[in-house]
Structure formats: C-alpha cells, structure tokens
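Visitor: Mind having a look at this structure? Questions to follow.
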Amino acid sequence: MNNCVVGLQWGDEGKGKVVDILAEKADIVVRYGGGANAGHTVIIGDIKFALHLMPSGAVRDTTACVIANGVVVDPGTLIDEINGLAEKNINLDGRLYISENAHMVLDYHKLEDQLREAALGKNKIGTTARGIGPCYADKVGRSYALRMADLLDLDTLKEKLAKIVAYKNKLFGALYNAEPIDTEAIYNKCCEHSKVLSPFIANTTEYLYKAIDAGKNLLFEGAQGALLDLDHGTFPFVTSSNSSALGLGPGCGVPAQHVDRFIGVVKAYTTRVGAGPFPAEQDNEIGDTIRIKGHEFGTTTGRPRRCGWFDAVAVSFTARLGGVNEIAMMHLDTLAGLAELKICKAYKVNGKETTFFPGNAADVEAAECVYDTLPGWDEDLSETRTFDELPENTKNYIAAVEKIVGVPVTIVGVGPKRSQAIFRD
Ligand code: GDP
Ligand code: IMO
Ligand code: MG
C-alpha cells in the first residue's frame, strides 16, 4: 500500500504527525518537494522533533528516508538535522537516500531571499528566508544551478562556483548594493558537506522503482500546503514549488497511479504564516484564542500564525486538486470552549456568490465569507480515543465539513502527540 500525505491549506496542518503515525506501516518515507522552509513536528512521549528536510519517517529506526529530486537541499541544515537526530540516538546510516538531482541551497540563495524581501518592503511575500525561491529560480534557469551530485566532484564544483558567485556578486551589488560574497568560504563549506553527505547521495528514482517492484510500502510526505502551490495557490503569495499533490510525479519520478490513497491533512480551522489573502481570517479575539490554545507559532521561523475559521471553499478545491480520498482533521481539541464555530461555505466576490475557489489572489483578497454557524463543545478531547466517544457537536462539525467538501474524515487529531489521534473504523 502506497500513501501520500498532503496539506490542503496554507501549510502547518499537522502533516508531520500524520506521516509519523502512518510511517509505522511504511518501509520508505519520501519527501518530494520544498526545502528547509518546511517545519514538520513529531512528538513521541516527551521528545519533540522539528524536521525541516528530513522525512518524518526518520524518527523510526527501520524506515528508509528519501529526499527526492524535487526537494531543494540546504546541505548545512541537513547535516545539522542529521546531528540533532544522532543526539537523540537516531542514526540514519544506510537508510537515508538523497537524490543526486536535488538542487542545493547555498548561502547566496538565502542572502538573495533576504535582500529581495527587504527591497519589496510592505509588498514582501513573507518568505521563510531559507533561500527557497532563489534556488528554484536557479533550477529553472539552469545555467547557475548546483545539484547534490556536484558535491561528488569537488574540482568541477570549484569551477562552477567561481562562475556562479561572480554572477551573483554583480547582480547583488547592482540591485541591492550588497557586499561581495566570498567563493572560497562557500567552497570550503561544500567540501565539509561533501564529506558528510556523499555516502547518502544516490539515484533515488531507481531506488524507488526497485522498491515498488519489490512490493515495499511507500509513504510520500508533502511539504507546505496546496494553497501555497506555485501554479494553483494564491500567487504570488505562494512557495516556489508545486506543493499540492500534483508535485509528486516531477518531485520524485513516481507517477500518481502508484499511490493507493491520497490523505489530505487539514486543521479544524485555518492558519497562514506570511503575507497573502486569507478570507476566513479572524484578526480578533477568536483568532487570538485559537493561536494561544493551538500554540500557533511557526515551526521554522517562530512567527505567530494568522488564524481563522475553517474554509470549506478552499479545501473543496484543494481536495480535488490533490485527488484526495480521505481527510485527516487535526486540532479538534483546540476548538473546545468556543461557543460557536463557523465554516466558510461560499465566497461573495464583488457581489457574486461562488463556491469555487477563485483562480487569482485579487479575487481571493476581495472575497467575503458566507458562513454556516454551528454550536461548539466544551469537552476536553485530548484523552478521547474513539470516534463514538466524541461529543455530538464535534461529530456534527466533522459531518458539516464532510458534506461541503465531499470527502470523508478518517483521522481526527485531538492533541499533538503520536497517541492523540482517532482512526475512524
Ligand atoms: P506540518 O508542517 O504540517 O507538519 O505542521 P507543523 O508541525 O508545522 O504544525 C502543526 C502543529 O500542530 C505542531 O505543533 C503539532 O505538534 C501540532 N499538532 C498536530 N496535530 C495536532 C492536534 O490534533 N492537536 C493539537 N493540539 N496539536 C496538534
Ligand atoms: P510546512 O511544510 C507554512 C510560506 C511562507 C511564505 C510563503 C513563501 O511546515 O507546512 P518560502 O520560504 O517558501 O519562499 O515562503 O510560503 N511557507 C509555509 N507556511 N508551512 C510551511 O511548510 C511553509 N513553507 C513556506 O510563510 O508565506
Ligand atoms: Mg510546518
């Protein structure tokens, strides 16, 4: 059985937790997109893991981990993550496979991300400053790109770096009056990265095809959320990859027909970090209550997340975009105590009502939500372990989402820990 877990909102839906749970039955967990902009939290007992590049399966000793070609890899961050896991007695030797074709995020990408955002001022995207956009731009541009395979041939890497850094220095000097970057310093870091990462660099497509032929169970771990998808999200307030399930094929070479189940992860409400439209946002006491109760602060940047009601217009669209068969709804525990809950069932855009998520960010920005209002519940759900035990109002809330989105909710989150999940049937 091959499963794919994808976020259906603007990221941070709880994918890390769902992947960790499903990884129990997986032989291999595959990250196929994004980079260290992702922050996936896994909590096992008292130990908290915040994974950025490493697939969430890493915390299980017997699970192989693939960082596929679609990921942009910051080698320094990846090594920090490998070392951090080693400190918690988790060893990746012999079970980590990094695609030779994955592009490398280097210091000049992170610098460019910061310089560009600073220059945009109030129009900035609010990126994670992890160099994601500049690295994917170099990938598409081709002439100034470096891939993980380049760490295996350091002499050629040195030549390529000299050409790239000269180009970047001209560009950053002219556009941002920036100090020149030192090629030598970046090259020296790459030599260190090469020593640690070379044993893990592989042809991951071949590895995955052999695993499929051998009947292994694969679990694909999406990063970000479908509303941040470069082509289908709220452009330009998106990330630079196809973060919906559509990114799977190009991101790892495995076509979608090999996936038996696409599991879309949502929160029982909506959050967003960074700039961009968010029709159901509650920039008020309700949003503040959700933020505090749900600990809604970014895993990667620590920024407070914007919070709002569940947006069923957005999720109906992204569930379709992801070919989603079932939904995992996290954070139902967080909503306890709110007297009333709202679900956005339609948008009013320039006076016209629509249930289809608009194709451009300006219309999403202009959208006013049409809500259904449901009664809340006061019960603490954190110890609930079966669907039947959930309060009636919680079940009604889930049913209302299912009715609008048209996809069953099969996993329910009632707390951040691995054990705090309910499986329906
Ligand atoms: P990801 O990027 O989709 O993996 O999500 P993040 O890890 O960035 O953010 C999700 C946050 O919600 C993390 O702090 C999780 O520990 C936490 N979380 C996940 N599921 C639940 C849940 O059902 N209830 C509560 N209270 N917290 C949850
Ligand atoms: P996970 O995998 C939430 C957002 C940033 C910003 C926009 C562009 O943890 O769900 P980027 O650095 O990618 O150029 O930033 O995308 N963003 C995320 N928001 N969760 C994420 O990942 C995100 N990755 C990027 O906040 O608005
Ligand atoms: Mg996250």
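The values are calculated or read from the model by the stated rules, or taken from the named source; none is laboratory data. Remember, predicted model here, so these are calculated numbers, not experimental data. Here the Cβ positions follow ideal geometry from the backbone for every residue, glycine too, while neighbour counts run over all protein chains shown. Accessible surface areas use protein heavy atoms only, side chains included; no ligands, DNA or RNA. Shrake-Rupley method; radii C 1.70, N 1.55, O 1.52, S 1.80 Å.
Visitor: Is it true that His295 is within 16 Å of ligand 1 (Cβ to nearest atom) and in a loop (DSSP other than H, G, I, E, B)?
Guide: Values: within 16 Å of ligand 1 (Cβ to nearest atom): yes; in a loop (DSSP other than H, G, I, E, B): yes.
Yes.
Visitor: Would you point out which residue out of Asn101, Asn83, Asn3, Asn89 is farther than 25 Å from Ser198 by Cβ, more than 12 Å from ligand 2 (Cβ to nearest atom) and of a type in the set (S, T, N, Q)? Step through it out loud before you land on a result.
Guide: Numbers: Asn101 fails: farther than 25 Å from Ser198 by Cβ; Asn83 fails: farther than 25 Å from Ser198 by Cβ; Asn89 fails: farther than 25 Å from Ser198 by Cβ.
Every option except Asn3 fails the conditions.
Visitor: So is Glu383 surrounded by fewer than 17 Cβ atoms within 10 Å (Cβ to Cβ), more than 14 Å from ligand 1 (Cβ to nearest atom) and among the charged types (D, E, K, R) or not?
Guide: On the way: surrounded by fewer than 17 Cβ atoms within 10 Å (Cβ to Cβ): yes; more than 14 Å from ligand 1 (Cβ to nearest atom): no; among the charged types (D, E, K, R): yes.
Answer is no for this residue.
Visitor: Does the range 250-279 hold any residues that are assigned to a loop (DSSP other than H, G, I, E, B), open to solvent by less than 10 Å² (accessible area, probe 1.4 Å) and aliphatic (A, V, I, L, M), and which are they?
Guide: Result: Val254, Ala268.
Visitor: I need a count of the residues in the range 11-48 that are of a type in the set (A, V, I, L, M, F, W, C), open to solvent by 10 Å² or more (accessible area, probe 1.4 Å) and either in contact with a strand residue (DSSP E or B) (Cβ under 9 Å, 6 or more places away or on another chain) or not assigned by TED's automatic domain parsing to the domain that holds Arg305 (or both). Steps first, please.
Guide: First, the residues of the range 11-48 that are of a type in the set (A, V, I, L, M, F, W, C): 18-19, 21-23, 26, 28-30, 36, 38, 42-44, 47.
The next check asks that each one be open to solvent by 10 Å² or more (accessible area, probe 1.4 Å); those that pass are 21-22, 26, 43-44, 47.
In the following step, the residues that additionally are either in contact with a strand residue (DSSP E or B) (Cβ under 9 Å, 6 or more places away or on another chain) or not assigned by TED's automatic domain parsing to the domain that holds Arg305 (or both) were identified as 21-22, 26, 43.
The number of residues fulfilling the criteria is 4.
Visitor: Here is a list: Ile125, Ile90. Which entry is open to solvent by less than 20 Å² (accessible area, probe 1.4 Å) and not in a helix (DSSP H, G or I)?
Guide: Values: Ile125 fails: open to solvent by less than 20 Å² (accessible area, probe 1.4 Å).
Testing whether each residue is open to solvent by less than 20 Å² (accessible area, probe 1.4 Å) and not in a helix (DSSP H, G or I) leaves just Ile90.
Visitor: Quick check on the range 50-69: of everything there that is within 15 Å of the chain's Cα centre (by Cα) and open to solvent by 10 Å² or more (accessible area, probe 1.4 Å), which residue is farthest from Asp113 (Cα to Cα)?
Guide: First pass over the range 50-69, keeping only residues within 15 Å of the chain's Cα centre (by Cα): 50-57, 67-68.
If we keep only those that are open to solvent by 10 Å² or more (accessible area, probe 1.4 Å) as well, we get 50, 52.
On the way: Ala50: 22, His52: 18 Å.
Filtering first and then ranking leaves Ala50.
Visitor: Can you name every residue in the range 270-310 that is under 29 Å from Phe49 (Cα atoms) and among the acidic types (Asp, Glu)?
Guide: Glu281, Asp288, Glu296
Visitor: Residues that are open to solvent by less than 30 Å² (accessible area, probe 1.4 Å), outside the structural domain of Ala23 (by TED's automatic domain parsing) and more than 25 Å from Val42 (Cα to Cα): which helices (runs of 4 or more DSSP H) entirely in the range 146-248 hold 3 or more of them? Give the steps one after another, and end with the answer.
Guide: Working: elements: 154-176, 183-197, 204-213.
The helices (runs of 4 or more DSSP H) meeting that bar are 154-176, 183-197.
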